[in-house]
Amino acid sequence: MSAGPQALSLSFIRRETVPAAPPPVLVSGPLAWARANLFSGPGNTLLTLLALAILALAVPPLARFLVIDAVFTGANRDACRPDVVGHPVGACWAFVAQKINYFVYGSYPIEERWRANVFFGLAAVGIGWLLWLDAPRRGLGALYVFVIFPLAGYALLAGVPALGLAKVPTALWGGMLVTLVVSLVGIVASLPLGILLALGRRSQLPLVRLVCVIFIEFWRGVPLITVLFMANVMLPLFLPGDVTVDRLMRPLVGIALFSAAYMAEIVRGGLQAIPRGQTEGAASLGLSYWQSMRLVVLPQALRIVIPGIVNSFIALFKDTTLVSIVGIFDFIRTIESARVDPNWAAPTVVTTGYAFAALFYFVFCFGMSRYALYVERRLAAGQRR
Amino acid sequence: MTASNLPETDPELAPADTSAARLAEAPVAVTLERVNKWYGAFHVLRDVDLTVRRGERIVICGPSGSGKSTLIRCINRLEEHQAGRINVDGIELTNDLKRIDEIRREVGMVFQHFNLFPHLTVLENCTLAPIWVKKMPKAEAEAVAMRYLTRVKIPNQAHKYPGQLSGGQQQRVAIARSLCMSPKIMLFDEPTSALDPEMVKEVLDTMVGLADEGMTMLVVTHEMGFARQVADRVIFMDEGQIVEVNTPDAFFRAPRHERTKLFLSQILH
């Protein structure tokens, strides 16, 4: 059918179609995978061996410290002293077990701690509702997380005497409770505020644009630690003598505004990626500015910047540790104060405390990161372009 | 160049000279009076005067940069004109946002690059505006959308996303999406320019069908076959001005302006 090299032909007509055939069979299985991914060349092989060597060096001592030699039960420092127990002692988990209530609630009054537990429960319900993509009534869920939960949570923790809930001053709040409150407030406030700022920065109205640019650039130009010090030390100087703002509230607002400025720039990046045709299409159908933003532009823009948003949430979650510097008893601060307890003066107590803190932060941050990956993959599958 | 895309001509279709009689009594749909627009110092629209009657089909052509897209985009205020008056269906176009919204509800638009919403299904694309702008109940909006999707011959794609459709199908969805708002006037901004050659005909067929039903249409296009078959008037623009207006028959047979002759000689080989 095809012309040979000697017979030059300028014309050709197909008489039979070529049927679609399966691709050539490739070697598969774990061995083939390892060869392709771990030992594909001398450089790659070297890296694989190097990684294995590092693991071999790091894993056994870590396992010995965290699990094998660790002490899990005990009432005081004697349980974790090698000279008393007569063998080398790894992590002193007994210390964490004994102090766990302090790590979770700080100095929150013991008889009122059920309120913190209810708060954790409400938070879990809200987060689960919002994060579960197929959950029923997700609009109601958003209302719950952004409006009902903050109000109910505050009333619950701070107390409403009229409802029989005794007042608990924020000075007594502490531990993971404060860390979660600060991060949740930062996250819940920074996303909507950041979206508004991003839209404002792209506004046609010069005044709105100017205000948003100044706000964003101010907060981005100041270190968080400065913001916290200013909130704690300088703010009272500017306010009239009889006005006091709660000492937990001050850094809370500072963190929320600080992260809103970063969020605004992330969201703006997403807005810029949406072609102008989208707003024009929406406008030509008669949708108003807010409708076209809410229904057309933002759903696409936010989807693009999910990695950036989550990155910002993770950074915010870890940055909440800075509030310990201005005298808030967050989780890190409770570990700091527990580790100097003379009842628990043992060689590995300090390391154990920090290891526990690292574990706590890692679980939350890794969880956020994995969830974001899952969302990205699901949205990509739902909307193949 | 475009003859192959021409839908089969219906011999029953009224020839151009009777359209003058048909349109003589029709009410005015759009008027433009001495409309001027500048991009910075660049004068894009210069003293444009135009009256479009209800049911009239106008094709606007001209070289790129001649202002034809800008002209129709001024009619639904995607672009702002700086001097002159535009009146759409009795509503004077001013900076008043309420009037702009009113006009946009009357005027549908189809874009060169479809501008479908990629995060919504075809059906959701069609129901979005009826639900949010017209406050139509969802079930009713979906019924309306399915009717128009059936009309553009893609009801079975309703639950797919735009990115899963061919260019021609996407453009037909865009037409259906506009029709769901029951506009009185339809603007087409080079609706077939971004399409593969094989898909031009299906879109033009849809537009011919729309014209047959008496829709008022302003179409910016280089599909001269379409202009010949459907248009009541062909407008030729150059350098922001209307250079020549005529019935398609006279326009193609005997162009009068030198610029028109040059343009036609370049596009009709």
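The values are calculated or read from the model by the stated rules, or taken from the named source; none is laboratory data. Because the structure is predicted, anything quoted here is derived from the model rather than measured. Here Cβ is always computed from backbone atoms with ideal geometry, including for glycine, and neighbour counts include all displayed protein chains.
Worth pointing out:
- With respect to the conditions (1) modelled with pLDDT under 90; (2) within 22 Å of A:Tyr361 (Cβ to Cβ); (3) touching a Lys or Arg at 6+ places or on another chain (Cβ under 8 Å), A:Ser107 lacks only one, and its number is (3).
- Residue match in region B:259-269 (condition: basic (Lys, Arg) and crowded, with 22+ Cβ neighbours inside 10 Å): no
- Of the candidates A:Gly327, A:Gly281, A:Gly254, A:Gly286, the single residue that is on the phi > 0 side of the Ramachandran plot and either crowded, with 16+ Cβ neighbours inside 10 Å or under 17 Å from the mean Cα position of the chain (by Cα) (or both) is A:Gly286.
- Summed over region B:77-102, residues that are of a type in the set (A, V, I, L, M) and in contact with a helix residue (DSSP H, G or I) (Cβ under 8 Å, 6 or more places away or on another chain) total 5.
- Output for region A:276-287, where each listed residue is among the small types (Gly, Ala, Ser) and within 7 Å of chain B (Cβ to nearest Cβ): A:Gly277, A:Gly281, A:Ala283, A:Ser284, A:Gly286
- Single match in A:Val89, A:Val125, A:Val118 (criterion: over 19 Å from the mean Cα position of the chain (by Cα) and assigned to a helix (DSSP H, G or I)): A:Val118
- Just one of the listed residues (A:Gly175, A:Gly194, A:Gly186) is touching a strand residue (DSSP E or B) at 6+ places or on another chain (Cβ under 9 Å) and of a type in the set (Gly, Ala, Ser), namely A:Gly175.
- Selection status of B:Lys134, closer than 23 Å to B:Arg77 by Cβ, among the basic types (Lys, Arg) and in contact with a helix residue (DSSP H, G or I) (Cβ under 6 Å, 6 or more places away or on another chain): no
- If you go through region A:224-271 and keep only what is of a type in the set (S, T, N, Q) and modelled with pLDDT of 95 or more, you end up with nothing.
- Spans of strands (runs of 3 or more DSSP E) in region B:41-113 with at least 3 residues within 13 Å of chain A (Cβ to nearest Cβ): B:107-110
- When the residues of region B:114-137 are filtered to those that are at the interface with another protein chain (Cβ under 7 Å from one of its Cβ atoms) and not in a loop (DSSP other than H, G, I, E, B), the one that is surrounded by the most Cβ atoms within 10 Å (Cβ to Cβ) is B:Ala129.
- In region A:209-232, the residues that are without any contact (Cβ under 8 Å) to a residue 60 or more places away in the chain, within 23 Å of A:Thr179 (Cα to Cα) and in a helix (DSSP H, G or I): A:Trp219, A:Arg220, A:Thr226, A:Val227, A:Met230
- Residue match in region A:199-211 (condition: closer than 20 Å to A:Gly269 by Cβ, at pLDDT 90 or above, of a type in the set (Val, Ile, Thr) and buried (at least 17 other Cβ atoms within 10 Å of the Cβ)): no
- Total residues in region B:161-183, condition part of a loop (DSSP other than H, G, I, E, B) and either of a type outside the set (Phe, Trp, Tyr) or surrounded by 21 or more Cβ atoms within 10 Å (Cβ to Cβ) (or both): 6
- Complete set of residues in region A:130-148 that are of a type in the set (Lys, Arg) and in a helix (DSSP H, G or I): A:Arg138
- Inter-residue pairs, beta-carbon under 9 Å, first farther than 16 Å from A:Arg202 by Cα and in the same structural domain as A:Gln272 (by TED's automatic domain parsing) and in region A:287-306, second modelled with pLDDT under 90 and part of a loop (DSSP other than H, G, I, E, B), 6+ apart: A:Arg303/A:Gln383
- Subset of region A:292-309 that is surrounded by 20 or more Cβ atoms within 10 Å (Cβ to Cβ) and within 20 Å of the chain's Cα centre (by Cα) - its residue that is nearest to the other protein chains (Cβ to nearest Cβ): A:Ala301
- Close contacts from region A:76-93, counting a first residue that is of a type in the set (Lys, Arg) and a second that is not in a loop (DSSP other than H, G, I, E, B), with Cβ to Cβ under 7 Å and a gap of 6+ residues or different chains, come to A:Arg77/A:Asn343; A:Arg77/A:Trp344.
- Among the criteria (1) touching a helix residue (DSSP H, G or I) at 6+ places or on another chain (Cβ under 6 Å); (2) of a type in the set (Phe, Trp, Tyr); (3) away from chain A (no Cβ under 11 Å), the one B:Phe188 does not fulfil is (1).
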